Amino acid sequence: MKKIDYQVAFRDHRGEMSDLIENETINAITRITIKKGAVRGNHYHKATWQWNYVVAGKMKLVTRMPNEERHEVLLSAGDLAVTEPYEHHALVGVEDCDVLVFTKGPRGGKEYETDTFRLEKPLTSN
């Protein structure tokens, strides 16, 4: 997992523009809501990259690459983090949370289950 520090690309009296993701093919954009205390994920994808952009609220992103240490990061509104193929991940609602998930690979819509592999031992239960 990598938290991405994006920059303001343009600013004037009307507001700002920031490029969250550049030079990537995005196959799906999914909106996920997470209730405070709820856990989503506890799985991994073999071929899918997943960018998580927090629109509102706070969540904890828990990740672990195979045979490596577990990592946690707190993400708030405006934060962006990416998980890569084979990276185990779980999303925990610290507050009610609204997240946009941008995916590259077979993860969206009807293809969701084709590249989703549930963990036998969850990363977190909360």
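The values are calculated or read from the model by the stated rules, or taken from the named source; none is laboratory data. The shown structure was predicted, so the numbers you read here are calculated from the model rather than taken from an experiment. When we count neighbours, we look across all protein chains shown, and the Cβ atoms used for this are built from the backbone with ideal geometry, even at glycine. SASA here: full protein model, heavy atoms, side chains in, ligands and nucleic acids out. Shrake-Rupley method; radii C 1.70, N 1.55, O 1.52, S 1.80 Å.
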The set of residues whose placed amide H lies less than 5 Å from the amide H of A56, leaving out same-chain residues fewer than 5 positions away, is D98
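I need the Kirkwood Rh of the range 14-126: take the reciprocal of the average 1/r across all distinct C-alpha pairs and report it in angstrom.
14.3
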With the full set of protein chains in place, find how many percent of the accessible area of the chain is carbon and sulfur; take the probe as 1.4 Å. 47
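With Kirkwood's inverse mean 1/r over C-alpha pairs for Rh, give me the Rg to Rh ratio of the range 71-118, two decimals please.
Radius of gyration relative to Kirkwood radius: 0.96.
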Give the accessible surface of the chain per residue, rounded to a whole number of Å², with probe radius 1.4 Å and ligands, DNA and RNA excluded. 60
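Tell me the net charge near V92. Cut-off is 15 Å between Cβ atoms, V92 excluded, with +1 for each Lys or Arg and -1 for each Asp or Glu.
Numbers: positive: K35, K36, R40, K58, K60, R64, R70; negative: E72, D79, E95, D96, D98.
Within the 15 Å Cβ shell, the charges total +2.
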